[in-house]
Structure formats: structure tokens, C-alpha cells
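What follows is a set of notes on a single structure, which appears directly below.
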Amino acid sequence: MIVIYNLVVRLYGFIIRCASVKNTKAKAWVSGRKNWENKLKEQKLSKPNTIWFHCASYGEFEQGLPLIQAVKENYKNYNIVITFFSPSGYTVFNNSPLADAVYYLPLDTSVNAKKFIQLLNPNIAVFIKYEFWLNYLFELKNKQIKTYLVSATFKPHHPFFKWYGKLFVKSLHTFKTIYLQDLQSQKLLNAIQIKNTIIAGDTRFDRVTQIKNQNKDNQLISQFKNNSLLFIAGSTWPDDDDYIINSILKTKNLNFKYIIAPHEISESNIIKLEEKLKLNKINYCTYSNFNENNSLLILNCMGQLSSIYKYADLTYIGGGFGKDGIHNILESTVYLKPSSFYGNNYSKFNEIVELKALNCIINLNENNSLIDLLNNYNNLNLNEIQLKLEGYFSQRVGSTQKVLLDIFGN
């Protein structure tokens with residue numbers, strides 16, 4: 001089975017290299033890994049110990065950030081090295097002051113894994129949520145390096161629970177501890193004799209609460225909102241944008257202003273969104289070319305969305321039209337405001353299932369549309385939603401401290 005896995009990994013690397021000729025993301029993926037061995041050899045780490053955090057992309061880094069910050073603050077004799085699989089994380093955080101070094105993770109071949117771990121020589125390795133690179137995990141086990149998986153969830157459709165999943169089950173034994181988000185994941189793992197687990201919750205609750213408590217002001221967004229109600233659509237894809245634009249055109253509630261924050265903010269994607277708005281004669285501006293008199297603002301920059309949700313009266317979280325599902329709804333609901341989303345592809349997101357059961361988020365394709373929601377905003381029971389969300393978050397913060405104390409033991 002490991003032979004097949006290695007063939008698939010090499011085939012993936014080949015496909016990415018071919019795609020890099022035309023695709024900018026693939027090009028960044030390939031170019032970022034060039035000369036990785038020399039970069040690692042030349043890196044001078046000054047502290048006696050090293051903790052290695054691996055994150056797939058931007059979202060996983062945000063999820064692991066409270067833990068990384070806690071290590072930085074409390075364990076100053078550790079170098080912090082962060083690796084990313086995807087350009088979406090590396091390009092944003094490669095100069096993070098939290099890290100002593102940031103790299104792309106080399107392709108998961110046996111040779112690369114042995115070289116990388118030998119050169120880095122970590123005392124502790126921490127993988128965030130979903131990363132199971134088998135050659136790296138087996139090499140960490142061979143080197144007797146304590147390895148942890150943080151904020152993990154497991155679902156019945158995952159390969160660990162299929163007839164072909166024995167090799168992946170074996171990889172779970174490489175972790176000293178798997179910190180889980182929920183009891184259901186623990187039950188699934190217990191059924192395949194994986195006992196090295198602790199239910200510690202989801203560090204994203206700590207992260208979004210941290211952002212909320214920073215209470216960053218944004219004068220531009222405040223000025224744009226003025227005395228209007230504000231609808232913020234975050235992490236949208238083109239199908240989301242079409243749905244939102246159509247809803248705006250048909251809403252009768254003129255008290256709203258709108259912000260659309262696309263998931264992809266490349267120049268070509270922003271231009272396509274602008275063309276849609278022009279075609280529908282919606283007066284708009286961009287964050288970088290601001291005009292407070294327009295009714296819609298395109299947030300065409302990174303790093304602002306999670307903090308500007310505090311200005312929203314109503315939010316929409318994108319991703320429901322795609323196969324990957326809804327994006328991070330905790331970023332908006334932490335502000336105790338009503339949030340909505342489109343689609344039924346949310347079963348893998350515990351927080352959406354739980355919040356929906358509490359009736360404090362709104363699924364727009366069941367009994368109502370975004371048009372209905374905008375028109376009938378004044379009929380929402382905002383106090384009830386706020387109280388439910390407040391209780392929900394207060395019960396779930398603290399995962400970071402649980403993990404930190406278990407890893408370091410003090």
C-alpha cells in the first residue's frame with residue numbers, strides 16, 4: 001500500500017509541475033519548494049529546542065495560531081518553525097514574527113521526509129487538523145519525535161474507516177496524542193482501536209474570540225456603514241456573488257449597505273465581480289478605491305474580514321455552492337449577529353450543525369431566500385440569537401490551554 005501511496009504522491013507532484021506553466025498557484029507551489037534543502041541548511045536557529053507546526057493553508061494556520069502564540073509567549077527556549085502545503089498560507093504568513101522560520105513542506109516522498117526531519121531536527125511536531133503526510137509521520141515515529149494532531153475531526157467517509165484505509169490507520173499510531181474536537185470522532189477512532197485521543201475542542205473558538213477581543217476599529221468601514229444597516233458577505237465564490245447580486249436587486253429593504261469579500265482576491269476575479277455589478281447597475285466601490293456614497297463595497301484586500309464582521313448587522317458566509325462547503329462561520333457568529341449561508345453541504349462542519357440546531361444561523365435554501373431575509377430583517381429575534389450565541393461560545397473557548405498543558409505538562 002505504501003508503494004501505491006508514493007506513486008500517487010509523485011503523480012500529484014508531476015501534475016502540479018505541469019500545471020505551473022499556466023496556473024499561478026501551481027507555479028507558486030513549485031517555485032516555493034526549489035532549493036528547500038539548501039534553505040534549511042542555511043537557516044540558523046538560535047534556541048536549544050525546536051517545535052515544528054505544519055498547516056495545510058491559511059485556514060489551518062488561523063486555527064493553529066492561538067497555540068503558536070501560546071508557545072511563543074510561554075516557552076521561549078523553543079524555535080518555532082512553520083510549514084505550509086499551500087501557497088494560500090505561505091504567501092500571507094511567510095514573514096510572521098511568530099516564527100523563527102517558515103517553509104513550504106517538500107513533497108511527501110520518503111527521501112524528502114528523511115532529509116527534512118534530519119535537517120530540522122525538531123523536538124516536537126504539531127500537525128493542524130487534517131494533514132496526514134505518511135512518509136513524514138512514519139519518519140517522525142522512527143526518530144521518536146513527539147508528534148501531535150490538533151483540532152482534528154473524523155467522519156465516517158474518511159479513508160481510515162474504509163477497506164483500503166489500513167495504511168492511514170497505521171499513521172494514526174505515529175501521534176503521541178490526537179486532540180479531537182468532538183465525542184463522535186473519538187467513538188469512530190475507538191472502533192478502529194485508536195486510543196491515543198483527548199477531546200480538547202476546537203482552537204478556532206479561541207482564535208475568533210481573540211480577534212473579537214482585540215476590538216480593532218476600521219474607520220473606513222464605519223464611515224461606509226454610517227447610519228445604515230450593513231450586510232457583509234464573506235469568503236464568496238462567483239456563484240455566491242450571483243446569488244447575492246440577484247437578491248440585492250430584488251430586496252425592498254433599502255436600509256442596507258453591502259460588503260462582498262471574495263475568497264479569491266486576484267485582480268482577474270475582482271474585475272469579474274465588478275463587471276457583474278456594472279451590468280446590474282449597482283453603484284459600488286472597492287476598499288482600495290473607497291467612496292462612502294456607494295451602496296456596495298468590494299473588500300479586495302487580505303486580513304480585514306474577520307475584524308470587520310463586528311460592523312455587520314447581518315452576514316452571509318460563502319462556499320455553499322461548491323463541493324468543499326461553507327467557509328468559517330465562527331468568524332462572524334462570534335460577534336453575536338445573525339449569520340446566513342446557502343447550501344446543504346455542511347455536515348462535516350460541527351459548528352454549523354450545532355448552530356443550526358440552536359436556530360441561530362439561517363440556511364437560505366430551506367424555507368427562505370436571501371431576498372426574504374433582507375426584506376424581513378426587522379422580524380428576526382435578535383436578542384434570542386445573541387443569547388444563544390453567547391452561551392455557545394462561552395462553553396467552547398479554552399481548547400488552546402488544554403492542548404498546551406498536555407504537551408508541555410505545566
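Can you tell me which residue is nearest to Glu37 (Cα to Cα) among those in the stretch 53-91 that are of a type in the set (A, V, I, L, M, F, W, C), out of contact with any Gly (no Cβ under 9 Å at 6 or more places or on another chain) and part of a strand (DSSP E or B)? Quick ask: steps written out before the conclusion?
Our first condition is that a residue be of a type in the set (A, V, I, L, M, F, W, C); within the stretch 53-91, this holds for 53, 55-56, 61, 65, 67-68, 70-71, 80-82, 84-85.
Still in the running and out of contact with any Gly (no Cβ under 9 Å at 6 or more places or on another chain): 65, 67-68, 70-71, 80-81, 85.
Filter once more, so that each one left must be part of a strand (DSSP E or B): 80-81.
On the way: Ile80: 18, Val81: 15 Å.
Out of the qualifying residues, it is Val81.
Here is a check on your reading of the model: is Lys310 crowded, with 17+ Cβ neighbours inside 10 Å, in contact (Cβ under 8 Å) with a residue 60 or more places away in the chain, out of contact with any strand residue (DSSP E or B) (no Cβ under 7 Å at 6 or more places or on another chain) and under 21 Å from Leu373 (Cβ atoms)?
Numbers: crowded, with 17+ Cβ neighbours inside 10 Å: yes; in contact (Cβ under 8 Å) with a residue 60 or more places away in the chain: yes; out of contact with any strand residue (DSSP E or B) (no Cβ under 7 Å at 6 or more places or on another chain): yes; under 21 Å from Leu373 (Cβ atoms): yes.
In short, yes.
With Ile192, Ile178, Ile245, Ile265 as the choices, which residue is free of Cβ contacts under 8 Å to residues at least 60 places away in the same chain, among the β-branched types (Val, Ile, Thr) and out of contact with any helix residue (DSSP H, G or I) (no Cβ under 8 Å at 6 or more places or on another chain)? Before you say what the answer is, go through the steps one by one.
Numbers: Ile192 fails: out of contact with any helix residue (DSSP H, G or I) (no Cβ under 8 Å at 6 or more places or on another chain); Ile178 fails: out of contact with any helix residue (DSSP H, G or I) (no Cβ under 8 Å at 6 or more places or on another chain); Ile245 fails: out of contact with any helix residue (DSSP H, G or I) (no Cβ under 8 Å at 6 or more places or on another chain).
Among Ile192, Ile178, Ile245, Ile265, only Ile265 is free of Cβ contacts under 8 Å to residues at least 60 places away in the same chain, among the β-branched types (Val, Ile, Thr) and out of contact with any helix residue (DSSP H, G or I) (no Cβ under 8 Å at 6 or more places or on another chain).
When you scan the stretch 92-100, do you find a residue that is buried (at least 21 other Cβ atoms within 10 Å of the Cβ) and out of contact with any strand residue (DSSP E or B) (no Cβ under 7 Å at 6 or more places or on another chain), even just one?
Scanning the stretch 92-100 turns up no residue that is buried (at least 21 other Cβ atoms within 10 Å of the Cβ) and out of contact with any strand residue (DSSP E or B) (no Cβ under 7 Å at 6 or more places or on another chain).
Which condition from (1) within 21 Å of Leu404 (Cβ to Cβ); (2) surrounded by 16 or more Cβ atoms within 10 Å (Cβ to Cβ) is the one that Gly89 breaks?
Of the numbered conditions (1) within 21 Å of Leu404 (Cβ to Cβ); (2) surrounded by 16 or more Cβ atoms within 10 Å (Cβ to Cβ), the odd one out for Gly89 is (1).
Which one of these is out of contact with any Lys or Arg (no Cβ under 6 Å at 6 or more places or on another chain), under 23 Å from Thr315 (Cβ atoms) and either surrounded by 17 or more Cβ atoms within 10 Å (Cβ to Cβ) or assigned by TED's automatic domain parsing to the domain that holds Leu370 (or both): Ile221, Ile194?
On the way: Ile194 fails: under 23 Å from Thr315 (Cβ atoms).
After applying the criteria, what remains is Ile221.
Considering only the stretch 321-333, I want to know if a residue exists there that is under 30 Å from Tyr75 (Cβ atoms) and either in the same structural domain as Tyr130 (by TED's automatic domain parsing) or in a loop (DSSP other than H, G, I, E, B) (or both). Steps first, answer last, please.
Here is the first cut: in the stretch 321-333, the residues under 30 Å from Tyr75 (Cβ atoms) are 328, 330-331.
Adding the requirement that they be either in the same structural domain as Tyr130 (by TED's automatic domain parsing) or in a loop (DSSP other than H, G, I, E, B) (or both) leaves 328.
Yes, the conditions are met somewhere in the stretch 321-333.
In this structure, does Ile270 turn out to be of a type in the set (A, V, I, L, M, F, W, C), touching a residue at least 60 places away in the same chain (Cβ under 8 Å) and in a helix (DSSP H, G or I)? Break it down stepwise before answering.
On the way: of a type in the set (A, V, I, L, M, F, W, C): yes; touching a residue at least 60 places away in the same chain (Cβ under 8 Å): no; in a helix (DSSP H, G or I): yes.
The answer is no for Ile270.
Going by the structure shown, is Gly59 assigned by TED's automatic domain parsing to the domain that holds Leu134, more than 25 Å from Ile145 (Cβ to Cβ) and touching a residue at least 24 places away in the same chain (Cβ under 8 Å)?
Working: assigned by TED's automatic domain parsing to the domain that holds Leu134: yes; more than 25 Å from Ile145 (Cβ to Cβ): yes; touching a residue at least 24 places away in the same chain (Cβ under 8 Å): yes.
Yes: the conditions hold for Gly59.
Kindly list the number of the only condition in (1) touching a Phe, Trp or Tyr at 6+ places or on another chain (Cβ under 8 Å); (2) buried (at least 19 other Cβ atoms within 10 Å of the Cβ) that fails for Glu62.
(1)
Could you look through the stretch 149-169, keep only residues that are in contact (Cβ under 8 Å) with a residue 12 or more places away in the chain and more than 25 Å from the chain's Cα centre (by Cα), and pick out the one that is nearest to Ile68 (Cα to Cα)?
So the residue we want is Leu167.
What about Ile282, is it assigned to a loop (DSSP other than H, G, I, E, B), without any contact (Cβ under 8 Å) to a residue 40 or more places away in the chain, under 24 Å from Glu60 (Cβ atoms) and in the same structural domain as Asp372 (by TED's automatic domain parsing)? Let's see the steps before the verdict.
Numbers: assigned to a loop (DSSP other than H, G, I, E, B): yes; without any contact (Cβ under 8 Å) to a residue 40 or more places away in the chain: yes; under 24 Å from Glu60 (Cβ atoms): no; in the same structural domain as Asp372 (by TED's automatic domain parsing): yes.
Criteria not met by Ile282.
Taking into account only those residues within the stretch 339-361 that are among the aliphatic types (A, V, I, L, M) and out of contact with any strand residue (DSSP E or B) (no Cβ under 6 Å at 6 or more places or on another chain), which is surrounded by the fewest Cβ atoms within 10 Å (Cβ to Cβ)? First the steps, then the outcome.
In the first step, residues of the stretch 339-361 are kept if they are among the aliphatic types (A, V, I, L, M); the result is 352-353, 355, 357-358, 361.
Those still in the list that are out of contact with any strand residue (DSSP E or B) (no Cβ under 6 Å at 6 or more places or on another chain) too: 352-353, 357-358.
Numbers: Ile352: 23, Val353: 12, Ala357: 9, Leu358: 13.
The extreme case among them is Ala357.
The values are calculated or read from the model by the stated rules, or taken from the named source; none is laboratory data. Computed from a predicted model, the values in this text were never measured in an experiment. Virtual Cβ from ideal backbone geometry, glycine too; neighbours counted across all protein chains shown.
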